[in-house]
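**Q** Sharing a structure, written as structure tokens. Questions coming.
The values are calculated or read from the model by the stated rules, or taken from the named source; none is laboratory data. This structure is a prediction, so every number in the text was calculated from the model and none was measured. Ideal geometry is used to build each Cβ from the backbone, glycine not excepted, and the neighbour counts take in all protein chains shown. Accessible surface is based on the protein model in full, side chains and every heavy atom, while ligands, DNA and RNA are left aside. Shrake-Rupley method; radii C 1.70, N 1.55, O 1.52, S 1.80 Å.
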Amino acid sequence: LLIFFLSVACNGQNSADQKTSSTNIRDQGVLIGDTVFEIADQKLTLIFQDKKENYWFAGEGGIYKYDGKNLVLFTLKDGLCNLNILGIQEDNFGDLYFDTPEGVSKFDGQKFSTLEVVTGDSSKSEWKLGPDDLWFRMGWDENGPYRYDGKALYKLEFPRTTQEDEFYSKYPNVSYDPYGIYEIYKDSKGNIWFGS
């Protein structure tokens with residue numbers, strides 16, 4: 001019996017070591033992400049450190065994760081909805097969210113999924129501010145932000161003003177929306193600020 005328990009304990013330890021030394025992430029038995037030795041994308045625009053002290057680098061070629069030892073690249077084949085990453089956020093559960101022009105990709109530590117947007121007139125009335133809400137822009141030409149309350153992603157619209165009519169009378173053939181969001185910030189009091 002002693003030999004049996006020692007052999008099981010040694011095999012269990014080897015299995016645990018193999019899991020922690022794996023550089024890729026296992027999604028239902030399939031490894032996602034490619035281990036790389038350098039960052040090939042020279043157009044990185046974001047650096048983010050998560051609660052586990054991993055670093056995430058993003059730009060126009062996907063997402064790189066650096067855990068202090070290994071560098072792993074995630075792209076469309078791993079489940080990202082777009083390679084152009086506009087923002088990175090983390091919720092209270094440690095899930096990561098990647099804002100892109102095509103949608104929001106959620107990473108739960110094992111796999112990527114794309115958040116579905118609630119459509120219809122009811123979503124326009126969801127201008128609320130919960131302490132755990134995440135806010136996204138999804139591109140530059142959207143008329144307002146997207147709010148995620150942990151369950152649903154709502155497309156919101158800014159209220160229209162007379163300044164919009166004046167803008168379009170001056171610039172009738174403009175190729176961008178004056179309500180397009182370029183930056184979103186949350187201040188120390190929890191207010192959300194939109195730069196357009």
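**Q** Keeping to the stretch 85-120, report how many residues are touching a Lys or Arg at 6+ places or on another chain (Cβ under 8 Å), among the hydroxyl-bearing types (Ser, Thr, Tyr) and at pLDDT 95 or above.
**A** 3
**Q** Mind checking which residues of the stretch 138-193 are of a type in the set (A, V, I, L, M, F, W, C), in contact (Cβ under 8 Å) with a residue 12 or more places away in the chain and touching a Phe, Trp or Tyr at 6+ places or on another chain (Cβ under 8 Å)?
**A** Of everything in the stretch 138-193, those that are of a type in the set (A, V, I, L, M, F, W, C), in contact (Cβ under 8 Å) with a residue 12 or more places away in the chain and touching a Phe, Trp or Tyr at 6+ places or on another chain (Cβ under 8 Å) turn out to be Met138, Trp140, Leu153, Leu156, Phe158, Ile181, Ile184, Ile192.
**Q** Which residues, counting only those in the stretch 152-196, are β-branched (Val, Ile, Thr) and either farther than 17 Å from Glu142 by Cα or surrounded by 11 or more Cβ atoms within 10 Å (Cβ to Cβ) (or both)?
**A** Thr161, Thr162, Ile181, Ile184, Ile192
**Q** In this structure, is Phe37 open to solvent by 60 Å² or more (accessible area, probe 1.4 Å), over 20 Å from Ser105 (Cα atoms) and modelled with pLDDT of 85 or more?
**A** So Phe37 fits the description; yes.
**Q** So which residues in the stretch 155-174 are in a loop (DSSP other than H, G, I, E, B) and among the charged types (D, E, K, R)?
**A** Matches in the stretch 155-174: Glu157, Arg160.
**Q** Among the residues in the stretch 97-119, are any open to solvent by 80 Å² or more (accessible area, probe 1.4 Å) and more than 19 Å from the chain's Cα centre (by Cα)?
**A** There is at least one residue in the stretch 97-119 that is open to solvent by 80 Å² or more (accessible area, probe 1.4 Å) and more than 19 Å from the chain's Cα centre (by Cα).
**Q** Considering every residue within the stretch 79-90, establish whether at least one is open to solvent by less than 10 Å² (accessible area, probe 1.4 Å) and over 10 Å from the mean Cα position of the chain (by Cα).
**A** Checked the stretch 79-90: no residue is open to solvent by less than 10 Å² (accessible area, probe 1.4 Å) and over 10 Å from the mean Cα position of the chain (by Cα).
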